[in-house]
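Written below as C-alpha cells is the structure these notes are about.
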Amino acid sequence: MNDHLNHDHLNQDEFILAYYGEPAPDANRDHLASCADCSAELARLAAVLDRVEAGETPEPDAGYESRMWQRLEWRLPAERRAAGPATPRRPLTRWLAAAAALAVAFLAGILISRSERVSQQVAAVKPAAATQTATATPVSTGITDQQRDRILLVVVGDHIDDSERVLVELTNLTPNGKTDITSERERAEDLLASNRLYRRTALDRGEEQMATLLDELEPVLLQIAHAPAQVSPEELRSIQKRVEAKGIVFKLRVVRADVRNDTRAPAVHHLQQPTI
Amino acid sequence: MQPSDNELVELVRGGDDDAFRQLVERHSRPLFRSAYRITGNSADADDVVQETFLRSYRGLTSYDSRATFATWLHRIAINCALDLIDSRRRREGRIDAGEDLSLLPSPAASPDRVVLGTEMQRAIAAAMDALTGNERTAFVLRHFEGMPLEDIGQILGTRLNATKNTVFRAVRKLRHQLQPFTGSPT
C-alpha cells in the first residue's frame, strides 16, 4: 500500500459516491485504484447495495391513460373555478347542497344549545325548519365549541355510515355477468361532494386523522361514481379490490365507533382520535 | 408532428382541456412507475398520479419552463408521494403487510432461495420503511432510477450537498439494517 501513502483513505460518503459513479477528484480515483483496503471496502459496500433491488414494478394495462383521464376530466371545471374566476362556471348545486348540510348542522347546534338536549334534537331538526329558525335566531347566541364539535360529529358520523353502507353493498356483490350499480353510483356521487367539504373542514380544524380518512375515501367514491351503471365482472372486481386494498371499510368502522363514543359522551373533550 | 409539452401547456392555459388530456396520456405511465417505486403499491401510485395531474392543472400558472414539463410533473408526483407516505405513517404507525407483496421473491425460485430471498426482501422492505420520506425518495431516485443528484435535488428542493447527505444517510441506514444478511461491517 505504499503507492497511496500520499492520500488518505476514502471516507464512507466518498465510497457511496464512488459506488454510484459520481464525479470524484482525480486523487480519490487514483487512490481507489491503488489501495487494496479501499477497494475491498468499496466491494463490501457494493455487496450490500447490489442486493437492494426494486420489487417488480407492475406495468399498467393498455387502457391506463384513458382511465386516468376519465378520473380527471370531470374534476377540471371545479379546479378551474378554484384557480380563478375567469372561466365559465357550472351550477354549484352539489357544493351548495353539501354546504347547506353543514350550515344546517351548525344552525341545529344553536337550537340544541338552547334546549340542552343535543343528540336527540340533531336527528329531529329538518333542514327547512332549521333554516327558518336561523333567520329568526341571532347566530351569535350561546353555542359553545363543544356543542359545535358534537354537531359536527353527528353530521360526519352519518356521512361515514352512508359511505360504509355503499362500500359494503358493493363488496358483497358477486361479480357474475352485468351488475346494475346505479343506486350505489348515485349515492357515491352525492357522498363525494359532501366528502370534500367535510375533508376541508377537518383540515381547517386541524383534524388530520379525519381529513386523511376522508382523503382516502374520496378516490374510492370517485371510482364508484364514475363506473358504468352496468358493470362487468372485471369492473366490479376492480372496485371491490380497491375498497379492500385500502381497508377503507374497516377504517370507517373504527372511526364511526370513535365518533359514536364521542357523541354519547356527556361532553366532547377528547378529540385526539379521528374526530371532526 | 406532435405538439411539444410546452405548446400543450400553453393551450391548456387558454382553456383547452383536450390539450391537458394529451399531457395526461403522455405522462401517466412514467409517473405511475415512479410513484409505485416510492409508495410500494398500485392503488397509492394511482392516487399519486391523479393528484399530481390535479395539482399540476391547478398550478400551471406557476410553471415557467425553467425545468422541463416532465421534470416539473415528476417533482409534484414525488411531493404527492411523500405526503401520502407521511399521512400513512401518521395514521397507521405500522407496515401494512399487504403492501409489500411485490417485494416477495418469484415463485420460480428454489425453496432455499425463497426462504433467504424472502427474509432479505422483508429486511430490505423494513429498512426502506425506516427511512424518512426524503431519504427514501432520494435513494429510490438514485439507486433504482439512476437519476443524477442534481435532478434529485431539484425534485426535493434541496441543494446538491444536502441531496448528497440525504443519499448518504439512506445508504448508511440501509447498510446498518441489512448487516445481518450481508455480514458487512457498517
Restrict the check to the range A:89-99 and report whether at least one residue is assigned to a helix (DSSP H, G or I), modelled with pLDDT of 80 or more and not aromatic (Phe, Trp, Tyr). no
Flagged in the range A:49-77 as crowded, with 18+ Cβ neighbours inside 10 Å and in contact (Cβ under 8 Å) with a residue 40 or more places away in the chain, in numbering order, are A:ARG71
Just one of (1) modelled with pLDDT of 90 or more; (2) more than 23 Å from A:PRO77 (Cα to Cα); (3) facing another protein chain (nearest Cβ under 7 Å) trips up B:ARG37, so point out which. (1)
Considering each residue of the range B:142-186, count those that are of a type in the set (A, V, I, L, M), within 14 Å of A:GLU22 (Cα to Cα) and buried (at least 17 other Cβ atoms within 10 Å of the Cβ), and give that number. 4
Would you be able to tell me the number of residues in the range A:44-69 that are part of a helix (DSSP H, G or I), among the small types (Gly, Ala, Ser) and either more than 7 Å from chain B (Cβ to nearest Cβ) or closer than 13 Å to B:ARG33 by Cβ (or both)? 2
Please go through the range A:186-223 and give me each residue that is acidic (Asp, Glu) and either within 20 Å of B:ASP86 (Cα to Cα) or buried (at least 19 other Cβ atoms within 10 Å of the Cβ) (or both), ordered by number. A:ASP204, A:GLU207, A:GLU208, A:ASP215, A:GLU216, A:GLU218
Restricting the range B:42-67 to residues that are at the interface with chain A (Cβ under 7 Å from one of its Cβ atoms) and farther than 18 Å from A:ARG75 by Cα, the residue that is nearest to the chain's Cα centre (by Cα): B:SER42
Has the range A:174-193 got any residue that is more than 14 Å from A:ILE239 (Cα to Cα) and touching a His at 6+ places or on another chain (Cβ under 8 Å)? yes
Checked the range A:21-38 for anything within 22 Å of B:ARG142 (Cα to Cα) and loosely packed, with under 14 Cβ neighbours inside 10 Å; matches are A:GLY21, A:PRO23, A:PRO25, A:ARG29
Within the range B:81-94, does at least one residue satisfy the condition of being surrounded by 19 or more Cβ atoms within 10 Å (Cβ to Cβ) and modelled with pLDDT of 85 or more? yes
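The values are calculated or read from the model by the stated rules, or taken from the named source; none is laboratory data. Given the structure is predicted, the values throughout are model-derived calculations rather than measurements. Note: ideal-geometry Cβ built from the backbone for every residue, glycine included; neighbour counts use all protein chains shown.
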